[in-house]
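The values are calculated or read from the model by the stated rules, or taken from the named source; none is laboratory data. What you see is a predicted model, and the numbers here were worked out from it, not measured in a lab. Every residue, glycine among them, receives a Cβ derived from its backbone with ideal geometry; neighbour counts consider all protein chains shown.
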Amino acid sequence: MAEIVPVGEVKPEKVSEVEEFLGISLEKELIGMPLKKILTISKVLEIVKVPYTSSFIVGVMNLRGEIIPVLSLKQILGLSETTEPTRIVVLDSKHGKAGVLVDNIVGVVRVPSERLEPNPMVGRYSAYVSHVAQTEYGLMEILDVDRLVDSLVKEE
Amino acid sequence: MISDEMREIFNEFVVEAEENLQKVEENLLELEKDPQNEELLNATFRAMHTLKGGAGFLGLKAIVDVAHAAEDVLGKLRSGELTLTPEINDAILEAVDFIRSAIERYEAGEEVETPEDLVNKLRSLEQGEVKEEKAQGEESIDELLDRFGFSHLKGKPIEEILEELILLPPDERPSELIEALDRIVAKGEASQETAEKEEEKAIQPTEETVEEKREEVKAGELKKEERKPAPKTEGEKVVRIDVHKIESLMNLVGELVLERNRLLRIFQKLYDEYQSKTVDELETVISSLDRIVGDLQLAVMKTRMQPVKRLFQKFPRVVRDLARMLGKEVELVLEGEDAEMDKTVLEKLEEPLIHLIRNAVDHGIEPPDERERAGKPRKGIVKLSAYYHGDRIFIEVYDDGRGIDVEKVKRKALEKGIISPDRAEKMTEKDVLFLIFHPGFSTKEQTSEVSGRGVGMDVVMNTVSAFRGTIDIETEKGKGTRIVLSFPLTVGIIRSLLVSVDGKLFAIPIHSVLEIIQGEDAEITTVSGKEVLILRELTIPLINLGEALEMGGGKVGYVIVSQVGSQKVAFTVEDLFGDEEVVVKPLGKIIGEVQGISGATITGDGKVVLILDLDGILKREMRSITFV
């Protein structure tokens with residue numbers, strides 16, 4: 001299990017006004033996923049495509065004996081696909097575990113809650129971005145994980 | 001409302017109450033045949049009494065009131081002051097139904113009012129009055145239909161309405177309405193009798209009622225003695241376990257099985273590469289580990305198994321009600337009730353079995369006069385049995401009725417355009433019989449718009465294929481019909497054929513595979529632009545599995561002939577990799593149910609392999625053909 005990097009170890013002590021996100025890069029975007037939603041980060045394992053499913057679902061993979069669906073965030077958000085993903089972030093959603101392909105891991109980003117601004121943009125992409133925040137790495141978009149997974153489940 | 005601290009007790013009460021209600025129901029049906037059976041009367045009384053006690057403890061007043069009234073009637077039956085009549089039976093069954101629905105409503109946190117009508121009815125029955133129900137302001141059929149939201153059934157003959165209602169899924173079936181209609185039907189038959197009784201009653205002097213009151217007091221005293229706790233016949237041999245705990249146990253064992261397979265594979269390699277004493281020792285350990293894992297798997301499976309009795313005991317009531325309203329005489333024989341099968345399958349079987357039994361009573365069994373003319377006993381027999389054979393369990397519904405008219409089925413299928421005249425000629429009798437499972441097929445002259453007739457049999461087929469079951473049907477004109485369902489005993493683990501398509505591995509459940517033909521030996525031609533396989537003069541539709549799975553077509557290495565639902569279909573695959581036991585894992589909520597893919601498994605070397613559902617793939621193919 002050498003490819004698994006436990007996130008918990010990087011997690012510093014919690015300060016009440018600071019929220020923690022895992023910053024990931026996706027094409028040119030910097031996206032933050034709430035740290036408490038993240039189970040593990042894994043290398044891109046073999047993904048088996050599931051016929052008859054939408055293009056948002058890349059397939060399923062075997063994560064320690066468990067079958068986990070892998071989602072393409074780029075497809076869902078309508079981004080171009082020029083960079084090869086190198087990691088899979090496994091999220092814990094209310095509909096079960098889900099892997100998300102990401103280009104690179106930027107690291108844990110701590111944002112004071114007053115720096116979180118509601119997303120000013122509208123549209124399909126923006127429906128999944130609850131907030132934006134200025135960080136040391138640039139503007140980070142905060143992903144609404146449950147909403148993302150919810151929309152996939154409802155499409156079925 | 002049920003407070004949180006009472007929840008646990010309440011949940012226990014629910015389980016226990018259901019057991020007691022089942023017992024009451026079962027016994028009453030039995031008592032109809034043997035009204036003097038004291039043992040049964042005692043058992044019924046006790047069951048109702050226990051139920052009342054439990055409800056009283058939890059303060060479920062509506063249930064206490066009804067159970068109390070019913071218990072009093074049962075008490076008098078037991079002491080011989082009353083004799084069991086169909087009216088009393090109906091009223092107690094009604095009480096059973098009410099208590100069931102009341103429990104559900106309490107469970108949902110609703111308040112339940114005591115149904116005064118029912119309590120009064122039970123009280124007056126207890127007083128020995130056989131009253132016409134008109135007194136309680138009887139509703140007409142139309143009013144009843146309106147009240148329960150079945151206005152569209154208005155104007156139909158009552159038998160037909162009842163049929164429609166009985167066809168509804170069990171949880172939507174308005175039992176109250178059925179009861180009410182049933183009573184109207186029953187009353188039609190009994191009205192003459194009661195009129196006579198009523199007359200007789202009028203002549204009796206009123207003193208008798210006083211006498212009865214006194215008797216009642218005595219009965220009450222007797223009852224007090226009875227209230228000592230009944231000695232427990234069985235110690236604590238049964239433990240109730242949360243299903244989720246068993247599920248997680250199942251998952252763990254499933255994973256253990258996969259790891260074992262992996263270990264066996266690695267060991268095989270090791271064994272081929274090295275020969276030494278240590279490897280031999282390892283072999284002994286591994287083979288006993290293999291055996292233990294197998295036994296463990298079986299043992300865990302068994303915890304999910306439940307006797308089919310749980311399901312079967314619902315049917316005497318269905319048959320009784322149906323026979324009564326259709327004016328038929330039917331005896332339901334149950335066999336092999338102790339056979340056990342997986343809980344999930346068992347639960348899903350209720351609806352299909354109701355369809356099969358309803359069909360047997362309605363279409364199979366002839367009316368008594370017709371049976372007499374045909375030289376058969378007036379009373380028809382419907383037999384529901386369960387038995388094991390190999391690693392499968394069989395459930396059989398048999399009736400000694402008129403059998404299925406094969407020619408009529410064929411005619412109907414032609415009329416409906418389900419089959420072409422050419423095909424009709426070539427079909428064997430069995431092929432024709434399977435047409436009754438075709439969606440939308442019905443031999444009845446009129447089909448209704450409401451879910452119901454004609455839709456029934458394909459429900460059976462769908463359930464059967466969902467649980468990798470098979471179905472067989474035998475019929476003889478004038479003699480009867482036998483429909484046999486079979487299901488694998490183990491649900492979580494299936495033996496599968498591993499195949500490759502466009503370089504990717506897939507698993508096909510082996511129970512649906514009939515035979516495998518080498519690609520070069522297969523006789524393939526086209527019919528109206530579609531490929532078909534010619535196999536011993538049979539023409540079988542051929543599906544390129546690669547194309548069907550929206551992947552590359554690839555070369556045809558093998559052709560797999562399979563039985564999908566009621567028909568044979570052939571699939572081309574690239575290569576075969578033998579068979580393996582696989583643990584079915586769901587794809588998860590995010591992907592959801594995918595028609596054509598029943599799940600995934602992880603092979604011994606850690607690869608994810610999708611398990612194909614050929615039935616679903618075929619349905620997809622058929623849909624794409626009709627829409628093109």
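What's the total number of residues in the stretch A:84-129 that are under 30 Å from A:V48 (Cα atoms) and more than 16 Å from the chain's Cα centre (by Cα)?
1
One residue stands out in the stretch A:48-64 among those that are at pLDDT 90 or above and assigned to a strand (DSSP E or B): the one that is surrounded by the most Cβ atoms within 10 Å (Cβ to Cβ), namely A:V60. When B:A69 is tested against (1) crowded, with 21+ Cβ neighbours inside 10 Å; (2) over 21 Å from B:E111 (Cβ atoms), just one condition goes unmet, and that condition is (2). Tell me, which residue of the stretch B:607-628 that is in a helix (DSSP H, G or I) and either within 24 Å of B:L258 (Cβ to Cβ) or within 13 Å of another protein chain (Cβ to nearest Cβ) (or both) is modelled with the lowest pLDDT? The residue in question is B:S624.
Filtering the stretch B:371-403 to residues that are without any contact (Cβ under 8 Å) to a residue 60 or more places away in the chain, of a type in the set (G, A, S) and within 21 Å of B:L326 (Cβ to Cβ) leaves only B:G380. Can you say whether A:V108 is among the β-branched types (V, I, T), out of contact with any strand residue (DSSP E or B) (no Cβ under 7 Å at 6 or more places or on another chain) and away from chain B (no Cβ under 14 Å), as far as the supplied structure shows? For A:V108, the condition - among the β-branched types (V, I, T), out of contact with any strand residue (DSSP E or B) (no Cβ under 7 Å at 6 or more places or on another chain) and away from chain B (no Cβ under 14 Å) - is not met.
When you check B:I591 against the structure, is it buried (at least 18 other Cβ atoms within 10 Å of the Cβ), farther than 18 Å from B:L505 by Cβ and within 7 Å of chain A (Cβ to nearest Cβ), yes or no?
Yes.
Taking the criterion of being under 11 Å from B:E523 (Cα atoms) and among the acidic types (D, E), the only residue of the stretch B:535-551 that qualifies is B:E537.
Among the residues of the stretch A:111-131, the one identified as touching a Ser or Thr at 6+ places or on another chain (Cβ under 8 Å) and either among the β-branched types (V, I, T) or within 14 Å of another protein chain (Cβ to nearest Cβ) (or both) is A:V111.
Taking the criterion of being within 11 Å of another protein chain (Cβ to nearest Cβ) and in contact (Cβ under 8 Å) with a residue 60 or more places away in the chain, would at least one residue in the stretch A:82-91 satisfy it? Looking for residues that are within 11 Å of another protein chain (Cβ to nearest Cβ) and in contact (Cβ under 8 Å) with a residue 60 or more places away in the chain, one finds none in the stretch A:82-91, hence no. Looking at the stretch B:303-370, the helices (runs of 4 or more DSSP H) lying wholly inside it that each contain 2 or more residues that are without any contact (Cβ under 8 Å) to a residue 60 or more places away in the chain sit at B:309-312, B:343-348, B:350-359. Considering (1) surrounded by 15 or more Cβ atoms within 10 Å (Cβ to Cβ); (2) modelled with pLDDT of 85 or more; (3) away from every other protein chain (no Cβ under 14 Å), the lone condition that B:N544 does not fulfil carries the number (3).
Looking only at the stretch B:596-606, filter to residues that are within 7 Å of another protein chain (Cβ to nearest Cβ) and either in contact with an Asp or Glu (Cβ under 8 Å, 6 or more places away or on another chain) or small (G, A, S) (or both); which one of those is farthest from B:V253 (Cα to Cα)? Here the answer is B:G596.
The sole residue among A:A98, A:A127 that is farther than 24 Å from B:T603 by Cβ and not hydroxyl-bearing (S, T, Y) is A:A127.
Hey, does the stretch B:513-524 have a residue that's away from chain A (no Cβ under 13 Å) and part of a loop (DSSP other than H, G, I, E, B)? Yes; the residues of the stretch B:513-524 include at least one that is away from chain A (no Cβ under 13 Å) and part of a loop (DSSP other than H, G, I, E, B). Against the conditions (1) hydrophobic (A, V, I, L, M, F, W, C); (2) within 14 Å of chain A (Cβ to nearest Cβ); (3) closer than 30 Å to B:V308 by Cβ, B:I483 satisfies every one except (2).
Please verify whether the stretch A:132-152 includes one or more residues that are among the basic types (K, R), free of Cβ contacts under 8 Å to residues at least 60 places away in the same chain, within 25 Å of A:F56 (Cβ to Cβ) and within 14 Å of chain B (Cβ to nearest Cβ).
The answer is yes, given that some residue of the stretch A:132-152 is among the basic types (K, R), free of Cβ contacts under 8 Å to residues at least 60 places away in the same chain, within 25 Å of A:F56 (Cβ to Cβ) and within 14 Å of chain B (Cβ to nearest Cβ).
If you filter the stretch B:549-572 down to residues that are part of a loop (DSSP other than H, G, I, E, B) and buried (at least 18 other Cβ atoms within 10 Å of the Cβ), you find that the one that is nearest to the other protein chains (Cβ to nearest Cβ) is B:L549. With respect to A:M33, determine if the residue is within 12 Å of another protein chain (Cβ to nearest Cβ), crowded, with 18+ Cβ neighbours inside 10 Å and not charged (D, E, K, R). The answer is no for A:M33. Within the stretch B:526-537, one or more residues are assigned to a strand (DSSP E or B), buried (at least 22 other Cβ atoms within 10 Å of the Cβ) and away from chain A (no Cβ under 14 Å).
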